[in-house]
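Enquirer: Please see the structure below; I have some questions.
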Amino acid sequence: MDQYIEFIGNHPILSLIWIALVAMIIAGWFKSKFSAIRQINPQQLTLLINREDGQVVDIRSQKEFNTGRIAGAEHLTPEQAKQSDFSSLEKFKSKPIIVVCTTGMTASGIATAMHKAGFERVYTLAGGMGAWQSASLPTSTGR
């Protein structure tokens, strides 16, 4: 214990950084546990689509969407997503909605905006389309 006190006394900045990092990790964990938006993996996405008639909403660019997407996905342009223009998705409000982006990073912000707009069950695909393709799951192409 004396070594810890000596280290903190000799390295106050490093000690504060360490405490801040631990606090951020704990806060992030609590936020994810109690958030209305849940991250799901590709297998859970498939179950939501098959068992609960879930709807995939792809927020990638039109070019990426045309190159390869999850079958049955609705496209929401990045511009519409950033402006919270979800009018094209109103018919899916009561269904589970799974927001998909390229890596899974952008989807959480859009999913939060959708939840605030009244969509009841909103999920994000952890890892985005990269996770879908890494799991060797099928994609649709074309327009």
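Enquirer: Per-residue ellipticity at 222 nm for the chain, helices alone: DSSP H runs ≥ 4 residues times -39500 (n - 2.57), over residue total, nearest 500 deg cm²/dmol?
Expert: After summing the helix terms and dividing by residue count, I get -14500 deg cm²/dmol.
Enquirer: Roughly what % of DSSP beta bridges within the chain run antiparallel, to the nearest 5?
Expert: Around 10 percent antiparallel, to the nearest 5.
Enquirer: Once the Cβ-Cβ distance between residue 30 and residue 82 is put in as r, and R0 is 25 Å, what FRET efficiency do you end up with, to the nearest 0.05?
Expert: Result of the calculation: an efficiency of 0.35.
Enquirer: For a 24 Å ceiling on Cα separation, which of these pairs sit above it: 63/93; 33/91; 33/95?
Expert: 63/93; 33/91
Enquirer: Name the residue, out of 57, 99, 22, whose mean-square fluctuation peaks in a Gaussian network model built on the chain with Cα pairs under 10 Å.
Expert: Ranking 57, 99, 22 by mean-square fluctuation puts 22 first.
Enquirer: Let me ask something else. Please work out how much length the chain gains when fully extended from residue 39 to residue 67, using 0.36 nm per residue of separation minus the C-alpha to C-alpha distance, in nm with one decimal.
Expert: Net length gain for the segment: 7.7 nm.
Enquirer: So what's the angle, to the nearest 10 degrees on a 0 to 90 scale, between helix 42-52 and the longest Cα principal axis of the chain?
Expert: Around 50 degrees separate the two axes.
Enquirer: Taking the Cα centre of the chain as the origin and placing charges on Cβ (Lys, Arg +1; Asp, Glu -1), which of 75, 9, 24 is farthest toward the positive end of the dipole?
Expert: Sorting the options by dipole projection puts first 75.
Enquirer: Please give the helix 107-116 orientation as an angle from the longest Cα principal axis of the chain, in degrees from 0 to 90, rounded to the nearest 10.
Expert: 70
Enquirer: I would also like to ask the following. Cut-off under 13 Å on the C-alpha distance; same-chain residues fewer than 8 positions from residue 116 excluded. Which aspartates and glutamates are left, in chain and number order?
Expert: Answer for residue 116, where 13 Å is the Cα cut-off: 85, listed by chain and number.
Enquirer: With contacts defined as alpha carbon pairs under 8 Å and 6 or more residues apart, what's the relative contact order of region 41-143 in percent?
Expert: For region 41-143, the relative contact order is 33 percent.
Enquirer: Would you work out the charge dipole size for the chain about its Cα centre, treating the Cβ of every Lys and Arg as +1 and the Cβ of every Asp and Glu as -1, and quote it to the nearest 20 debye?
Expert: The dipole magnitude comes to about 420 debye.
All of the numbers you see were taken from the coordinates with simple rules; none came from a lab. All of these numbers come straight from a predicted model, not from anything done at the bench. Here the Cβ is made from the backbone with ideal geometry for all residues, glycine too, and neighbour counts use every protein chain on show.
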